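Inspection log for the structure reproduced underneath, given as structure tokens.
Here, each number is a calculation from the coordinates, and none is a lab measurement. Bear in mind that the values here come from a model prediction, so they are computed numbers and not experimental data. Positions of Cβ are backbone-derived with ideal geometry, glycine not excepted, and every protein chain shown enters the neighbour counts.
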Amino acid sequence: MRSGLKPAIFCLAFFLCTPAFSGVYFDFALGGAYTRPSELTINQLGEESIYIENARFETQPLTNPVYYAWRLGFTPLGQVWEVELVHHKLYLINKHPDIDQFSVSHGFNLLGLNRVWPGSVLDWRLGMGLVLAHPESEIRGQVYDENHGILDHGFHWVGTNIQAAVGRRFPLRYRNLYAFTEGKLTWASVKLPVSNGEAVMDVVAGHVLFGLGYHLR
């Protein structure tokens with residue numbers, strides 16, 4: 001979870017100290033996602049490839065670390081833009097006999113930049129960015145060493161993502177505070193490291209978010 005909060009703190013400090021940006025707001029949400037079954041290929045050095053035609057994944061949104069999302073919005077020159085992180089999670093259900101464990105539970109993090117078109121009723125979003133993932137796996141008895149990656153904490157830049165979303169805000173009685181709900185469709189193309197190899201797949205998911213936001217200025 002700390003991996004998602006550090007970028008949020010940096011972005012918040014940057015935009016609050018930059019007079020050229022106005023209409024700054026911060027959103028935080030909980031929710032869940034359904035991941036569409038997809039092809040999963042695992043290649044390991046000196047081994048035959050493992051192929052699952054319809055790999056199915058659970059999200060387990062309430063299992064620690066929980067599913068969550070945050071974003072920081074700003075309005076330069078009358079346009080609305082956002083930096084967003086969605087802490088998605090993946091747990092493989094239909095395992096191959098050679099797979100003891102395959103998950104991305106500490107974050108299949110979708111980090112990107114969104115363009116927002118606010119409406120009188122609904123807000124529309126399109127975004128794109130990178131995937132920062134923390135894979136955990138044991139394949140053919142070989143456990144992936146989670147001490148590798150960024151700052152030796154097991155996080156890796158593994159691919160790219162795009163998203164489309166629609167949501168609605170609900171003003172609350174307390175000034176500058178609002179609630180919101182949102183539906184989101186995401187697609188990511190990734191290569192996840194495993195012991196002596198990599199796992200290749202596309203991840204298409206539908207998300208539902210419920211959260212609170214606050215207009216900072």
request  = Obtain the nm distance between the two label points defined at Leu216 and Ser38 by a simple spin-label model: each point lies 7 Å from its Cα along the Cα-to-C-beta direction.
outcome  = 3.1 nm
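Over 27 Å apart: what share of the alpha carbon pairs of the range 2-215 falls there, rounded to a whole percent?
Details: 7804 of 22791 pairs.
Cα-Cα pairs of the range 2-215 separated by over 27 Å account for 34 percent.
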Within the chain: Cβ-based charge dipole about Cα centre, in debye rounded to nearest 20 (Lys, Arg +1; Asp, Glu -1) = 1340 debye
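If the chain between Trp117 and Val200 were fully stretched, how many nm would it gain, using 0.36 nm times the residue separation less the Cα-Cα distance?
On the way: separation 83, 0.36 × 83 = 29.88 nm, distance 3.36 nm.
Extending this stretch completely gives an extra 26.5 nm.
Give me the number: length gained by fully extending Leu45 to Phe28, i.e. 0.36 nm times residue separation minus the C-alpha to C-alpha distance, one decimal in nm.
On the way: separation 17, 0.36 × 17 = 6.12 nm, distance 4.16 nm.
Answer, rounded to one decimal: 2.0 nm.
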key: Whole-number percent relative contact order across the range 132-212, with pairs defined as alpha carbons under 8 Å at least 6 apart   = 28 percent
ask   = Using the count of nearby Cβ atoms within 10 Å as a rough guide to exposure, how do Tyr144, Tyr34, Tyr174, Tyr91 rank from fewest to most?
value = Tyr174, Tyr34, Tyr91, Tyr144
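At a threshold of 8 angstrom on Cα-Cα distance, excluding pairs fewer than six apart, so keeping six or more, what relative contact order does the chain reach in percent? Let's see the in-between values first.
Numbers: 570 pairs, mean separation 47.3, N = 217.
This gives 22 percent for the chain.
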message = Just want the answer: with Cβ charges of +1 for Lys and Arg and -1 for Asp and Glu, which residue in Leu113, Trp157, Tyr67 is farthest toward the dipole's positive end in the chain?
response = Leu113
ask   = Residues with beta-carbon under 13 Å from that of Leu40, excluding Leu40: net charge, scoring Lys, Arg +1 and Asp, Glu -1?
value = -1
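Find the relative contact order for the range 80-152 and round it to a whole percent, using C-alpha pairs within less than 8 Å whose residues are 6+ positions apart. Can you show the working numbers first?
On the way: 135 pairs, mean separation 23.1, N = 73.
Dividing the mean separation by the residue count of the range 80-152 yields 32 percent.
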inquiry  = I need the calculated FRET efficiency for the pair Asp100 and Ile150, taking r as the beta carbon distance and R₀ as 30 Å, to the nearest 0.05.
reply    = 0.75
